[in-house]
Amino acid sequence: MKCALHIHTNFSDGFHPPEQMVNAYIEQGFKCLAITDHQFLLPPNYFRYLERLSLNLKKQGIILLPGVEREFEPWGGSHLLEIRGEKQTLYVLCHPRAYLLSPEEVKERVRTSPLRIDAIEITYRGIYTPEYDTAQIPLPKIATDDAHETYEVAQAWIETEDFDHPDQIIQAVKKGEFKVRFAS
């Protein structure tokens, strides 16, 4: 199951409506998507809209996970993905390369975070950042393309077993039970 866990739409700084971004991923064979627009830009109906979209996609066998990209103040505004299942929530440290963090700084942020960080991105806008793909950072490492436009779709993703429930996907990520993939 191909999963894209960091997608932006025109609800924040993306260029296309959610349906257009979702369709671009579906055309590339994705079955699991997390829309994670920037929290500080969200309209009041954001989660209600994603819930309706999720119900429509479920009929097609697509799992949509609602989420946000939070500016995490304890870290001076660095970003943290919050991806919601039905009972589970996944917290992912976003693109540490964007903040020029060393692996040691990442490890310290994870250790001192008031929230339990479940995974870290080892990509920056779909480009592999190997310095974070190290055992020194004791978290599952995910690949995302952080797409804001349709041409950025399917640059980096994870693959899991074929699940039919959002919480199964979140659990698999937390346990590191996935493969990282990149466009060739």
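Bear in mind that the values in this text are calculations on the coordinates, not laboratory data. These numbers were taken from a predicted model, which means no experiment stands behind them. Glycine gets a Cβ as well: all are built from the backbone with ideal geometry, and neighbour counts include every protein chain shown.
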What do you reckon, is Thr112 of a type in the set (Ser, Thr, Tyr) and surrounded by 14 or more Cβ atoms within 10 Å (Cβ to Cβ)? no
Contact list please: Cβ distance under 6 Å, first residue in segment 146-161 and under 14 Å from Thr123 (Cβ atoms), second residue outside any loop (DSSP other than H, G, I, E, B) and among the charged types (D, E, K, R), pairs at least six apart or on different chains. Trp157/Lys2; Trp157/Arg181
Over 30 Å from Ala135 (Cβ atoms) and either surrounded by fewer than 21 Cβ atoms within 10 Å (Cβ to Cβ) or without any contact (Cβ under 8 Å) to a residue 24 or more places away in the chain (or both) - does that describe any residue in segment 62-77? yes
Which of the residues belonging to segment 55-83 are out of contact with any helix residue (DSSP H, G or I) (no Cβ under 6 Å at 6 or more places or on another chain) and within 20 Å of Glu161 (Cβ to Cβ)? Leu57, Lys58, Gln60, Gly61, Ile62, Ile83
Leading residue by the ranking (farthest from Lys179 (Cα to Cα)) among those in segment 97-127 that are of a type in the set (Asp, Glu) and within 16 Å of the chain's Cα centre (by Cα): Asp118
Which of (1) in contact (Cβ under 8 Å) with a residue 12 or more places away in the chain; (2) loosely packed, with under 14 Cβ neighbours inside 10 Å; (3) under 24 Å from Ile7 (Cβ atoms); (4) not hydrophobic (A, V, I, L, M, F, W, C) is the odd one out, the single condition Pro130 does not satisfy? (1)
Are any of the residues in segment 42-58 crowded, with 18+ Cβ neighbours inside 10 Å and either part of a strand (DSSP E or B) or touching a Gly at 6+ places or on another chain (Cβ under 7 Å) (or both)? no
